[in-house]
Number of protein chains: 2
Amino acid sequence: MRDAYHEELDSIGESLVEMARLVGSAIGRATTAMLDADLKLAESVIAADQKVDDLQHDLEARAIALLARQQPVATDLRIVVTSLRMSADLERSGDLAQHVAKLARLRFPESPVPRDLAATILEMGQLAQRLMAKAAEVIITKDVDLALQLEQDDDAIDMLHRTLFQHLMDDRWKHGIETAVDVTLLGRYYERFADHAVSVAKRVVYLVTGEHADEIAPTTPVAPVDTESPA
Amino acid sequence: MRDAYHEELDSIGESLVEMARLVGSAIGRATTAMLDADLKLAESVIAADQKVDDLQHDLEARAIALLARQQPVATDLRIVVTSLRMSADLERSGDLAQHVAKLARLRFPESPVPRDLAATILEMGQLAQRLMAKAAEVIITKDVDLALQLEQDDDAIDMLHRTLFQHLMDDRWKHGIETAVDVTLLGRYYERFADHAVSVAKRVVYLVTGEHADEIAPTTPVAPVDTESPA
């Protein structure tokens, strides 16, 4: 019985990794769809989010069934509860990737991103995808050092986010209001996506060490974005 | 033993109600602080979010202790797991209220909201606060009809959100890019805040009926905001 239990626990972990893989791919593809104004790709990202939602529902049902049947305590209990939270983070990340793809669809056949911001947005998309790939790796390896690295990658996203705001606030901004609105929301989507990836990694740290990531290795403090920009 | 258990379960419910009360108050005060350019009020909202975070941490610890000690099954288990999710919704709502207050602080001594949008933003803030008050009432009363009402209130927020976008996209927009960025983010904060209130109510419906709210009474379908605007 105990073996079936650990198998089930492992399979929950595998679902989390699969969700992270799917949403990491989604944010990369959504970014490409937007920069290339590729409607088909955008549509495929939008449709694919259902898979992530299904995985989450399935994972939740299994986690709750596990709690009811096996009544785990101590570490095992924490693993199940934390898995539920991670799945919520990942499901929400999928929504955010879908928002990016929907923006691509809304502005088709144009790209919502002006040429002079394409490199910044591309980099945000790549970083977001990489953060999620690392989060998946952290789930698999439970590597605390790698988990702590994610916060630095997140700082890099925050920097890019500030760069976007500097462009927006520059008097020479020439792309009009609609593009300003699009870029504002895009910046927010990538930032939130990255936050969720970091959150997943932090939860693994908490499982492994029993301490919250912030208590272990405070990264160099940077001013939160919202002291310099409204995001 | 069983009595202590139900007392503990009740006290978790009370914490949820208290969190909802705090974040409902926070969104109302943050809106006022922003419209009146009241720095002191903004600061107080920003500082008060710590209380919400503390309540969530405390609630989580108690819920996990309850799972470990009492090993609830069936409905009781679902209540505890759902409470954990509701507390996450409420904690996030608190963050969003704090974002509004931080925007008020960032633009002080100006208001980030231009006069001709003040009524719309005020209404969004009031609706958001009312939604959260109703969510608290739903937690207390477990009133499924009231819970389903929240979706209609949420539709009203979506309508206001579209109104904001129409203003932004109007060629006569004269408030410049910075204000467009601020208003875009504000619209998003209120919309997400309302989403979390609806989510809390839906979780109660699920607890009471065992069915997801969407399966019970589909509200009149409205096009999602993102078919008309990028949010």
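Where a number appears in this text, it was derived from the coordinates with a stated rule and is not lab data. Values in this document were obtained by computation on a predicted structure and should not be read as measured data. Every residue, glycine among them, receives a Cβ derived from its backbone with ideal geometry; neighbour counts consider all protein chains shown.
Scan the stretch B:1-16 for residues that are among the aliphatic types (A, V, I, L, M) and crowded, with 16+ Cβ neighbours inside 10 Å and jot them down.
Taking the stretch B:1-16 as the starting set, the residues that turn out to be among the aliphatic types (A, V, I, L, M) are B:1, B:4, B:9, B:12, B:16.
Those that are among the aliphatic types (A, V, I, L, M) and crowded, with 16+ Cβ neighbours inside 10 Å: B:L9, B:I12, B:L16.
Please determine whether any residue of the stretch B:21-40 is within 12 Å of chain A (Cβ to nearest Cβ) and crowded, with 19+ Cβ neighbours inside 10 Å. Steps first, please.
Of the residues in the stretch B:21-40, the ones within 12 Å of chain A (Cβ to nearest Cβ) are B:34.
Retained after the next criterion (residues that are crowded, with 19+ Cβ neighbours inside 10 Å): B:34.
Yes; the residues of the stretch B:21-40 include at least one that is within 12 Å of chain A (Cβ to nearest Cβ) and crowded, with 19+ Cβ neighbours inside 10 Å.
Which residues, counting only those in the stretch A:54-105, are touching a residue at least 24 places away in the same chain (Cβ under 8 Å) and small (G, A, S)?
Passing the criteria: A:A63, A:S83, A:S87, A:A88, A:S93, A:G94, A:A97, A:A101, A:A104.
Of all residues being under 14 Å from the mean Cα position of the chain (by Cα) and hydroxyl-bearing (S, T, Y) in the stretch B:24-64, which is farthest from A:L77 (Cα to Cα)? Just the residue, please. Show your work before the answer.
Pass one, the stretch B:24-64, residues under 14 Å from the mean Cα position of the chain (by Cα): B:24-31, B:49, B:52.
Now narrow it down to the ones that are hydroxyl-bearing (S, T, Y): B:25, B:31.
Numbers: B:S25: 34, B:T31: 40 Å.
Filtering the stretch B:24-64 for residues that are under 14 Å from the mean Cα position of the chain (by Cα) and hydroxyl-bearing (S, T, Y), the one farthest from A:L77 (Cα to Cα) comes out as B:T31.
Identify, please: which residue in the stretch B:158-173 is over 16 Å from A:L168 (Cβ atoms), in a loop (DSSP other than H, G, I, E, B) and within 10 Å of another protein chain (Cβ to nearest Cβ) and is, among those, farthest from the chain's Cα centre (by Cα)?
If we take residues in the stretch B:158-173 being over 16 Å from A:L168 (Cβ atoms), in a loop (DSSP other than H, G, I, E, B) and within 10 Å of another protein chain (Cβ to nearest Cβ), then B:D171 is farthest from the chain's Cα centre (by Cα).
Here are A:D116, A:D154, A:D145, A:D170: which of them is closer than 23 Å to A:V52 by Cβ and acidic (D, E)? Explain how you work it out, then say what you get.
Values: A:D116 fails: closer than 23 Å to A:V52 by Cβ; A:D145 fails: closer than 23 Å to A:V52 by Cβ; A:D170 fails: closer than 23 Å to A:V52 by Cβ.
Step by step, each of A:D116, A:D154, A:D145, A:D170 is checked, and only A:D154 is closer than 23 Å to A:V52 by Cβ and acidic (D, E).
Among the residues that make up the stretch A:30-41, is at least one of them of a type outside the set (V, I, T), farther than 23 Å from A:E123 by Cα, in a helix (DSSP H, G or I) and touching a residue at least 40 places away in the same chain (Cβ under 8 Å)? Walk me through it before giving the result.
At the first step, the residues of the stretch A:30-41 found to be of a type outside the set (V, I, T) are A:30, A:33-41.
Restricting the remaining residues to those that are farther than 23 Å from A:E123 by Cα gives none.
Within the stretch A:30-41, none of the residues are of a type outside the set (V, I, T), farther than 23 Å from A:E123 by Cα, in a helix (DSSP H, G or I) and touching a residue at least 40 places away in the same chain (Cβ under 8 Å).
If we keep just the residues of the stretch B:184-211 that are of a type in the set (G, A, S) and touching a residue at least 24 places away in the same chain (Cβ under 8 Å), which is farthest from B:H161 (Cα to Cα)? Step through it out loud before you land on a result.
Residues of the stretch B:184-211 of a type in the set (G, A, S): B:187, B:194, B:197, B:199, B:201, B:210.
If we keep only those that are touching a residue at least 24 places away in the same chain (Cβ under 8 Å) as well, we get B:187, B:194, B:197, B:199, B:201.
Numbers: B:G187: 6, B:A194: 11, B:A197: 16, B:S199: 18, B:A201: 21 Å.
So, considering only residues that are of a type in the set (G, A, S) and touching a residue at least 24 places away in the same chain (Cβ under 8 Å), the one farthest from B:H161 (Cα to Cα) is B:A201.
Which of the residues that make up the stretch B:109-165 are polar (S, T, N, Q) and either surrounded by 22 or more Cβ atoms within 10 Å (Cβ to Cβ) or touching a Ser or Thr at 6+ places or on another chain (Cβ under 8 Å) (or both)? So that I can check it myself, show each step before the final result.
So the first thing to find is which residues in the stretch B:109-165 are polar (S, T, N, Q), and the list is B:111, B:120, B:126, B:129, B:141, B:149, B:152, B:163.
B:T120, B:Q126, B:Q129, B:Q152, B:T163, listed by residue number.
Name the residues in the stretch A:174-197 that are more than 10 Å from chain B (Cβ to nearest Cβ) and surrounded by 22 or more Cβ atoms within 10 Å (Cβ to Cβ), would you?
A:Y190, A:F193, A:A194, A:H196, A:A197 - these are the residues of the stretch A:174-197 that are more than 10 Å from chain B (Cβ to nearest Cβ) and surrounded by 22 or more Cβ atoms within 10 Å (Cβ to Cβ).
Taking the stretch B:4-29 only, how many residues are among the aliphatic types (A, V, I, L, M) and under 16 Å from B:A88 (Cβ atoms)? Give the derivation first.
First pass over the stretch B:4-29, keeping only residues among the aliphatic types (A, V, I, L, M): B:4, B:9, B:12, B:16-17, B:19-20, B:22-23, B:26-27.
If we keep only those that are under 16 Å from B:A88 (Cβ atoms) too, we end up with B:12, B:16-17, B:19-20, B:22-23.
Going through the stretch B:4-29 one residue at a time, the tally reaches 7.
Tally up the residues in the stretch A:53-112 that are at the interface with chain B (Cβ under 10 Å from one of its Cβ atoms), over 26 Å from A:A194 (Cα atoms) and not in a helix (DSSP H, G or I), please.
Within the stretch A:53-112, residues that are at the interface with chain B (Cβ under 10 Å from one of its Cβ atoms), over 26 Å from A:A194 (Cα atoms) and not in a helix (DSSP H, G or I) number 3.
So is A:I121 in a helix (DSSP H, G or I) and closer than 19 Å to A:D89 by Cα or not? Even if it seems obvious, please write down each step before you answer.
Details: in a helix (DSSP H, G or I): yes; closer than 19 Å to A:D89 by Cα: no.
No: the conditions fail for A:I121.
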